[in-house]
Amino acid sequence: MPETPEIPVNSFVAINPYNTAKIYALKSSHNPKYYIGSTTLPIQLRFKTHKSAYNKYNNGTCALYSSAFEILKHTDAYIELIEEVNVVNNIELRLKEKEHFLKNRDNIVNKNNPMQTKEEKKKQMDYHNSHRKNEKKFCEFCKKEVLKYNFKIHLKSATHIFNESVVIHPELFIKVEGGFNGFREFRDDLKNQPTISVSV
Ligand SMILES: [Zn+2]
């Protein structure tokens, strides 16, 4: 938890970023609800970090789901300042955010209450997990939906490596009835059969 910096003795004024912290909303014309957050960053910079988190989630490099993605998935998503607040530390900022959270409960997509109790935290983890379990990503090579949180593992699976190889190097494979039957060079019985060109 960040602490308020001490004021230096020789009358330099220490700037505490929490003195100009922000409560903001993420909005899109495609969703009547919005997302509420708080930050000590300039809000456009905070928006960039939100978008990069969404992109990472979307391409499978980060599995952590955020309810902000309900807004960020729309191309016209934007950030809007709700209130600049003068607080001293992260705890106070989260409490301010919680006020907004409770006041706007019916109009926001947020699922995780700032300053959560243990019970609330458990609910949030369940929410995370249900998303992790359900969200899927389409694999172009296997022509099927794969669980998003499992995508990196999928890319290393024998089935995927095989399917990807078939697409990239069809000349290495021989097509037999019912599908591909393995690397040509490892199938003595198939070695002398003519290669069939494939379209996948
Ligand atoms: Zn695949």
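Residues checked against (1) polar (S, T, N, Q); (2) loosely packed, with under 12 Cβ neighbours inside 10 Å; (3) within 19 Å of the chain's Cα centre (by Cα):
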site	(1), (2), (3)
Ile82	no, no, no
Asn90	yes, no, no
Arg94	no, no, no
Asp106	no, yes, no
Lys118	no, yes, no
Lys122	no, yes, no
Tyr127	no, no, yes
Cys142	no, no, no
Leu147	no, no, yes
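Residues in segment 14-59 that are β-branched (Val, Ile, Thr) and in contact (Cβ under 8 Å) with a residue 40 or more places away in the chain were compared, and the one that is surrounded by the most Cβ atoms within 10 Å (Cβ to Cβ) is Ile36.
Under the condition of being assigned to a helix (DSSP H, G or I) and of a type in the set (Phe, Trp, Tyr), which residue from segment 142-173 is nearest to Ser130 (Cα to Cα)? Going through the qualifying residues, I end up with Tyr149. Any residue that is assigned by TED's automatic domain parsing to the domain that holds Leu41 and closer than 20 Å to Phe69 by Cβ - is there at least one of those in segment 82-89? Scanning segment 82-89 turns up at least one residue that is assigned by TED's automatic domain parsing to the domain that holds Leu41 and closer than 20 Å to Phe69 by Cβ.
Total residues in segment 105-119 satisfying the condition of being aliphatic (A, V, I, L, M) and part of a loop (DSSP other than H, G, I, E, B): the figure is 2.
Residues in segment 174-191 that are away from the ligand (no atom under 16 Å from the Cβ), at pLDDT below 55 and either within 30 Å of Glu135 (Cα to Cα) or not charged (D, E, K, R) (or both): Val176, Gly178, Asn181, Gly182, Phe183, Phe186, Leu190.
The values are calculated or read from the model by the stated rules, or taken from the named source; none is laboratory data. Since this is a predicted model, take the numbers as computed values, not measurements. Because the Cβ atoms are built from the backbone with ideal geometry, glycine has one as well, and the counts that use them run over all protein chains shown.
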